[in-house]
Amino acid sequence: MPESLRILVVHGPNLNLLGSREPEVYGPTTLAQIDSDLSARAAELGCELECFQTNHEGLLIDRVQQALGSFDGILINPAGLTHTSVALRDALAATGLPLVEVHLSNVFAREEFRHHSYISGVALGVISGLGPRGYRLGLDALVEHLRR
């Protein structure tokens with residue numbers, strides 16, 4: 001049997017507040033619930049999953065860089081860093097790992113500054129506006145890509 005795929009799930013700033021932060025925008029689901037759902041789905045797919053969240057850009061970049069050689073792909077919700085961090089984009093590109101970008105809210109239905117992503121240009125695809133289900137869809141798409 002082939003070695004199990006290893007996926008790194010990266011959650012950016014303020015996502016630790018899910019469930020209580022602006023539930024009208026982000027919904028009632030907590031980050032722990034999202035991670036639990038993703039872990040269950042990864043088990044169904046025969047994958048290993050590691051989830052990581054930080055509010056610190058440098059720590060996020062460090063974790064992304066550490067993924068090289070340890071993971072097969074990255075599922076990322078860069079949160080507010082989506083629209084501001086060239087450094088995160090460069091770190092993701094430097095790994096050469098396939099990645100899928102996920103956003104809980106529809107960033108294109110929100111403020112104009114949220115319409116631009118520095119991350120999208122290095123991603124296989126972007127899922128935006130489907131709430132927590134977007135993470136599951138992103139994981140499925142990433143695993144399918146890696147198994148091709």
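Of all residues in the stretch 1-55, those being hydrophobic (A, V, I, L, M, F, W, C), surrounded by 17 or more Cβ atoms within 10 Å (Cβ to Cβ) and either more than 24 Å from Q66 (Cα to Cα) or at pLDDT below 95 (or both) number 1.
Of the residues making up the stretch 1-60, those that are in contact with a Cys (Cβ under 6 Å, 6 or more places away or on another chain) and either among the charged types (D, E, K, R) or part of a strand (DSSP E or B) (or both) are I7, V9, D35. In the stretch 80-99, of all residues being closer than 12 Å to H11 by Cα and at pLDDT 95 or above, the one that is surrounded by the most Cβ atoms within 10 Å (Cβ to Cβ) corresponds to T82.
Being within 16 Å of E144 (Cβ to Cβ) and either over 14 Å from the mean Cα position of the chain (by Cα) or polar (S, T, N, Q) (or both) is the filter here; which residues of the stretch 7-41 pass it? It would help to see each step written out before you state the result.
First, the residues of the stretch 7-41 that are within 16 Å of E144 (Cβ to Cβ): 7, 38, 41.
The answer is R41, and nothing else.
If you scan the stretch 73-106, which residues turn out to be under 14 Å from the mean Cα position of the chain (by Cα), over 19 Å from V25 (Cα atoms) and outside any helix (DSSP H, G or I)? Selection gives G73, I74, L75, L97, P98, L99, V100.
The values are calculated or read from the model by the stated rules, or taken from the named source; none is laboratory data. Note that this is a predicted model, so its numbers are computed, not measured. Heads up, the Cβs are rebuilt from the backbone with ideal geometry, glycines too, and the neighbour counts pull from every protein chain shown.
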